[in-house]
Structure formats: structure tokens, C-alpha cells
Amino acid sequence: MKAKHVLLVIAIMAAWGLAPVANKIGVTQIPPIFLTALRACVVALVLLPFLKSPRGHIPQLLGLSLLMGTLHYSFVFTGIKGIDASLTTLLVMMQVPFTSLLAVPFFGERLGWRRILGLATAFAGIALITVEPKVRAEFLPAMLILIGIFFWSASNILIKRMRLTNGNVINGWVAILSAPQLFAISFLLETDQFAAVQAADWTVWGALLYMAIVITAITFALWYRLLRQYTVNQVVPYTLLMPIFGVVASMAILGDRLSWIIFAGGLMTLAGVAIIVLRRPSDIETGV
């Protein structure tokens with residue numbers, strides 16, 4: 001890769017690492033599902049000029065809007081309200097093992113001994129993290145994060161089957177189709193949304209714009225461009241930097257602290273993901 005593109009992919013990983021911090025800032029003042037719905041509206045408005053006709057992909061986009069736009073973000077945003085952003089960053093790494101496992105029944109992939117080792121190491125790291133007393137006390141939010149990440153991995157399987165590679169088209173239509181779903185669920189399960197919006201300060205709106213514009217509209221477009229220009233083997237290994245940026249940002253901005261158990265579990269999970277990514281990176285789709 002050219003030096004400028006290496007710097008670009010590192011910048012993308014840094015931006016994605018900051019995403020859990022922005023999410024955490026947002027959900028502290030606005031109900032999480034309602035915040036997700038607002039995010040979808042901003043994404044739809046920003047990407048509307050770039051959208052093409054979804055002809056031939058409408059059923060798949062509807063399914064994707066449910067899996068990724070509604071279920072993934074609802075579970076992750078609800079979960080992050082109850083746990084530290086740094087822990088969320090570590091849990092998000094499980095998208096790689098989940099995607100690898102789902103590739104077996106859906107694409108006939110075989111799990112060689114290296115990928116089995118990577119999967120076992122990653123799951124062992126998550127299991128170690130759950131032993132930590134603070135995580136045990138926040139077990140439900142952590143599980144919501146993992147469920148949300150599983151839905152993200154399922155979305156990646158659907159995207160692979162669609163063979164639709166334009167990230168802005170995918171994200172734009174998913175936002176348009178998921179926004180009504182999210183508003184309906186929010187008004188069913190949450191309360192005081194409008195009061196929260198009126199009371200929210202500038203940090204929330206900054207976080208919302210960061211999530212919608214920087215993460216979804218800008219970095220995803222750049223990411224897909226790099227994937228078109230280089231082989232997956234050249235680009236995907238850089239995703240291993242994302243949790244490092246995320247933990248550092250959470251500690252610096254939000255004051256998060258990692259116990260030695262969470263730190264050790266995070267290293268194990270990262271090692272397991274590295275084994276999977278460096279062995280068969282072509283199987284992995286990454287996102288935030």
C-alpha cells in the first residue's frame with residue numbers, strides 16, 4: 001500500500017475507535033433507541049444525494065435494515081448505556097469470530113485448525129472478561145452488546161450475498177428503511193424522548209453528527225474505496241488497531257479504567273481475532 005493510504009486506513013481505525021466514546025456520550029442524555037433513530041435520519045439526509053435506485057435489492061435491503069439498522073444499533077446503543085465505552089470496544093471485536101462462524105453454514109467455509117484456535121482464543125478472552133466483578137454486575141448490558149454484534153455479523157453475511165459493494169448506497173437505504181422501525185420501537189419501549197432532546201447539550205449533538213457523518217458517511221466510503229483499490233489481505237489486518245484506539249480514547253476522554261482481568265481478556269480476544277484475520281482475512285467484514 002502507498003504511504004498515504006496506510007495513513008488513511010490508520011486514520012479510519014482511529015475514527016472507528018472513537019465511535020463507542022461518541023455512542024456513550026449520546027446515550028447518557030438521550031434514550032438509546034431514539035438516539036439511534038435520530039442517527040438514521042441524519043445518515044439518510046447526508047447520503048440522499050448519493051443514492052441510486054435499489055431495484056433488485058429491495059427484499060435484501062429490508063432484511064438488512066432490520067438486522068443492521070434496527071437490531072444491531074438498538075442492542076448496542078442500549079447496552080453501552082450500562083457499561084464503559086472501553087469494554088464495548090473490546091466486545092465489538094467479536095464481530096470477527098461471529099462472522100467466521102456464520103460463514104460455515106452460509107458459505108460452506110471450513111474451520112481449519114488455525115481458525116479454530118483463533119475462535120477458541122477470542123471466546124476464552126471474552127469469558128475471562130466476564131469473570132471480572134464489575135462486568136458481572138453489568139452482565140446484561142454486556143450481553144446486549146454481544147447480541148448486537150451478532151446481528152452485525154449476520155448483516156455482513158447478507159451483504160456478501162447481495163454483492164452490492166457501494167457502501168453509501170447500502171448505508172443510505174438502510175438508514176431510510178430503519179428509521180421508522182426505530183422510532184416505533186422507541187415510542188413503544190422508551191419515554192421522555194422529546195424532553196431529553198430539549199435538555200441535551202452540545203456534546204450530544206456533536207456525538208450524533210460524528211456517528212452519522214464521520215463514521216457512517218465518510219469513513220465507510222473511504223473504507224470501501226480502499227477495499228476496491230487493494231486486496232483484502234492488505235487492508236483488513238489494520239482493523240486490529242481499532243480496539244487499541246478505542247480503549248485509549250475511552251480512557252483519555254471518559255476516564256475509563258481497565259482492571260488487569262479485563263486487560264488480559266482483551267489481549268486474548270485481540271490475539272484470537274488476529275489469528276482469524278491474518279489467516280483468512282477475506283472472510284471478514286468490518287464495521288462499527
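The values are calculated or read from the model by the stated rules, or taken from the named source; none is laboratory data. It should be emphasised that the depicted structure is a prediction, and the values quoted were computed from it without experimental measurement. Quick reminder, even Gly has a Cβ in these numbers, built from the backbone with ideal geometry, and neighbours come from all protein chains shown.
With respect to A122, determine if the residue is over 16 Å from the mean Cα position of the chain (by Cα), part of a helix (DSSP H, G or I), of a type in the set (A, V, I, L, M, F, W, C) and closer than 24 Å to V248 by Cβ.
Yes, satisfied.
Check whether at least one residue in segment 174-187 is touching a Leu at 6+ places or on another chain (Cβ under 6 Å), modelled with pLDDT under 85 and either crowded, with 21+ Cβ neighbours inside 10 Å or not polar (S, T, N, Q) (or both), and report yes or no.
The answer is no; no qualifying residue exists.
So, in segment 226-280, of the ones that are more than 22 Å from I80 (Cα to Cα) and of a type in the set (S, T, Y), which residue ends up surrounded by the most Cβ atoms within 10 Å (Cβ to Cβ)?
Step one: filter segment 226-280 for residues more than 22 Å from I80 (Cα to Cα), giving 226-238, 271-272, 274-280.
Those left that are additionally of a type in the set (S, T, Y): 230-231, 238.
Numbers: Y230: 15, T231: 11, Y238: 18.
Filtering first and then ranking leaves Y238.
Give me the pairs: first residue in segment 269-288 and more than 18 Å from F150 (Cβ to Cβ) and at pLDDT below 50, second residue in a loop (DSSP other than H, G, I, E, B) and not hydrophobic (A, V, I, L, M, F, W, C), beta-carbon distance under 9 Å, and six or more apart or on different chains, which are they?
Filtered contacts from segment 269-288: P281/T231; S282/T231.
Among the residues of segment 1-28, write down those that are in contact with a helix residue (DSSP H, G or I) (Cβ under 7 Å, 6 or more places away or on another chain) and surrounded by fewer than 16 Cβ atoms within 10 Å (Cβ to Cβ).
Correct list: M1, I10.
For segment 106-132, give me each residue that is modelled with pLDDT under 85 and out of contact with any helix residue (DSSP H, G or I) (no Cβ under 7 Å at 6 or more places or on another chain). Write out each step before concluding.
Taking segment 106-132 first, the residues modelled with pLDDT under 85 are 106-113.
Hits for segment 106-132 are F107, G108, R110, G112, W113.
Can you go through T36, T70, T28, T78 and tell me which one is more than 14 Å from the chain's Cα centre (by Cα), modelled with pLDDT of 90 or more and of a type outside the set (A, V, I, L, M, F, W, C)? Before you say what the answer is, go through the steps one by one.
Values: T36 fails: more than 14 Å from the chain's Cα centre (by Cα); T70 fails: more than 14 Å from the chain's Cα centre (by Cα); T78 fails: more than 14 Å from the chain's Cα centre (by Cα).
Residue meeting the stated conditions: T28.
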